[in-house]
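A quick write-up on the structure given underneath.
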Amino acid sequence: MVPLADTATWIAVGFAIGAAVLALVASLVLLALVVRRGGSSQGAASGDGSRSDEQAAPEELTDALEDARAETARSRQLAEIATTIDLDAVLERTLAAAATTDGIDAAMAVVRQAEDEPLVATLGMTADEASRQPVSGSPSGGARAVRISYRYDAAEEAARELEGGLISGGVAVPLREEHVGTIGTLAVFWRGTDRVPEDDEIAGLETLAQTSAPAIRNAQEYREARQLADVDALTGVHNRRYFHETLGRECARAQRYERRVALIILDIDDFKETNDRLGHLGGDAVLAAVAERLRRAVRQSDVACRVGGDEFAVILPEAGARDAEQLYRRIQFAVGSGASGPAERVRLSAGIAELRPEDDAIALFQRADDALDHAKEGGKGQVQRADSSRELGAGGSY
């Protein structure tokens, strides 16, 4: 994927440079025409004393230069969309470009995803407003653009007048990529009094959609590939590489802003005996079942990973050791008491550590791992906090 991204970046940069050169050449040509026209007008005016053409020449020159600058800025903005493969950044730049037209108050992009709900990105509107928009799919019937009009009852319009006015109209165009087809919709909206978009405004929105669609799809494929690379194929939780990257990032952020981070490292008790009894396929089923119940137990902000054969870890941003202890109890209960399956009698031992001012990610991991070793020495289903002389006890005894 990296060579593809590099190619797209160089193409976009080349496009921006070429557009800027063309705009500069256009401005020079216009300048020459205006100067020539001004000279001719001056010669004609010398006979009758009229100076109206001489006064118009500088104004035409100013307008031509402004148009050239605007076109250069527009070309640069379009080219910048493809200079990143981060999907959020591509959508953000696309919406920003869509909202540059005078009179446009908001923009929305709806992008299809393989299995999940469509990805929705907005600019200039609230989540509630976004949920009300009919832009859930692309314009049907091969339409190039669809005009959207709104009517509200008097009570709703009056209630929302203080919030900056209701959306009164919009235009939606399809996001189409060659050889792929329609991947979503790009729409712009305006508030207050109704307006009729000009043909060149719609054409500009279509050009933006044609430019951004390949960039969106490229970023989407990169995100999907990266997600697959970050996930352990057997268990479906994040893998060891992603764990160390995330732990390093969270520790650095916590140290910079004086926030908290806790870490739990979990190990399946007697997993070798389980493997010997059930075979490797049965052991894999146990690992998958433990991971599934682990995912159900953690918070949305927590990061669950598989860091070894039968070893798992959970990163807890904005949390301390006590929060980690409570999470361990939930995990132990979820793993030991679920629906019937190979993981029904599994017990977990755990080590817990909270980030200290002098810690980095390696030190935090080592302290949690040492605590896990001490917990396993105490028996099955035990948890111990790093730097604590007392064992916290079995998961089911709280």
I'd like the full set of residues that are hydrophobic (A, V, I, L, M, F, W, C), over 24 Å from residue 197 (Cβ atoms) and assigned to a loop (DSSP other than H, G, I, E, B), limited to the stretch 80-99. 82, 85
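If the requirement is being charged (D, E, K, R), in the same structural domain as residue 345 (by TED's automatic domain parsing) and free of Cβ contacts under 8 Å to residues at least 40 places away in the same chain, which of these qualifies: 302, 310? Steps first, please.
On the way: 310 fails: free of Cβ contacts under 8 Å to residues at least 40 places away in the same chain.
Unique residue meeting the criteria: 302.
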What single numbered condition from (1) closer than 24 Å to residue 119 by Cβ; (2) surrounded by fewer than 16 Cβ atoms within 10 Å (Cβ to Cβ); (3) β-branched (Val, Ile, Thr) fails to hold for residue 193? (1)
Since residue 263 meets every condition but one in (1) aliphatic (A, V, I, L, M); (2) under 30 Å from residue 377 (Cα atoms); (3) in a helix (DSSP H, G or I), which condition does it not meet? (3)
Considering only residues that are in contact with a Pro (Cβ under 9 Å, 6 or more places away or on another chain), in a loop (DSSP other than H, G, I, E, B) and modelled with pLDDT of 80 or more, which ones fall in the stretch 126-151? 144, 145
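Among the residues of the stretch 341-361, are any hydrophobic (A, V, I, L, M, F, W, C), farther than 21 Å from residue 241 by Cα, assigned to a loop (DSSP other than H, G, I, E, B) and over 33 Å from the mean Cα position of the chain (by Cα)? Lay out the reasoning, then the answer.
Narrowing the stretch 341-361 to residues hydrophobic (A, V, I, L, M, F, W, C): 343, 346, 348, 350, 352-353, 355, 361.
Within this subset, residues satisfying the condition of being farther than 21 Å from residue 241 by Cα are 343, 346, 348.
Add one more test, that the residue is assigned to a loop (DSSP other than H, G, I, E, B), and what stays is 343, 346.
Right, trim to over 33 Å from the mean Cα position of the chain (by Cα) and you get 343, 346.
Among the residues of the stretch 341-361, at least one is hydrophobic (A, V, I, L, M, F, W, C), farther than 21 Å from residue 241 by Cα, assigned to a loop (DSSP other than H, G, I, E, B) and over 33 Å from the mean Cα position of the chain (by Cα), which makes the answer yes.
Do we have any residue at all in the stretch 230-243 that's in a strand (DSSP E or B), touching a helix residue (DSSP H, G or I) at 6+ places or on another chain (Cβ under 6 Å) and closer than 30 Å to residue 82 by Cα?
Filtering the stretch 230-243 for residues in a strand (DSSP E or B) gives 231, 238.
Now narrow it down to the ones that are touching a helix residue (DSSP H, G or I) at 6+ places or on another chain (Cβ under 6 Å): 238.
Okay, now just the ones that are also closer than 30 Å to residue 82 by Cα, so 238.
So far as the stretch 230-243 goes, yes, one or more of its residues are in a strand (DSSP E or B), touching a helix residue (DSSP H, G or I) at 6+ places or on another chain (Cβ under 6 Å) and closer than 30 Å to residue 82 by Cα.
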Output for the stretch 227-264, where each listed residue is acidic (Asp, Glu) and under 24 Å from residue 385 (Cβ atoms): 250, 258
Within the stretch 240-283, how many residues turn out to be of a type in the set (D, E, K, R) and closer than 16 Å to residue 367 by Cβ? 3
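Name every residue in the stretch 228-251 that is surrounded by fewer than 16 Cβ atoms within 10 Å (Cβ to Cβ) and free of Cβ contacts under 8 Å to residues at least 40 places away in the same chain, in order of residue number.
Going residue by residue through the stretch 228-251, those that are surrounded by fewer than 16 Cβ atoms within 10 Å (Cβ to Cβ) are 228-229, 233-234, 236, 240-241, 245, 248-249.
Hits for the stretch 228-251 are 228, 229, 233, 241, 245, 249.
Could you tell me which of the residues 287, 278, 294 is at pLDDT below 95, in a helix (DSSP H, G or I) and either in contact with an Asp or Glu (Cβ under 7 Å, 6 or more places away or on another chain) or not assigned by TED's automatic domain parsing to the domain that holds residue 318 (or both)? So that I can check it myself, show each step before the final result.
Working: 278 fails: either in contact with an Asp or Glu (Cβ under 7 Å, 6 or more places away or on another chain) or not assigned by TED's automatic domain parsing to the domain that holds residue 318 (or both); 294 fails: either in contact with an Asp or Glu (Cβ under 7 Å, 6 or more places away or on another chain) or not assigned by TED's automatic domain parsing to the domain that holds residue 318 (or both).
The unique qualifying residue is 287.
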Since residue 225 meets every condition but one in (1) at pLDDT below 90; (2) buried (at least 16 other Cβ atoms within 10 Å of the Cβ), which condition does it not meet? (2)
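The values are calculated or read from the model by the stated rules, or taken from the named source; none is laboratory data. In this text, all values refer to a predicted model and were calculated from it rather than measured experimentally. Cβ sites come from the backbone with ideal geometry, for glycine too, and all protein chains shown count toward neighbours.
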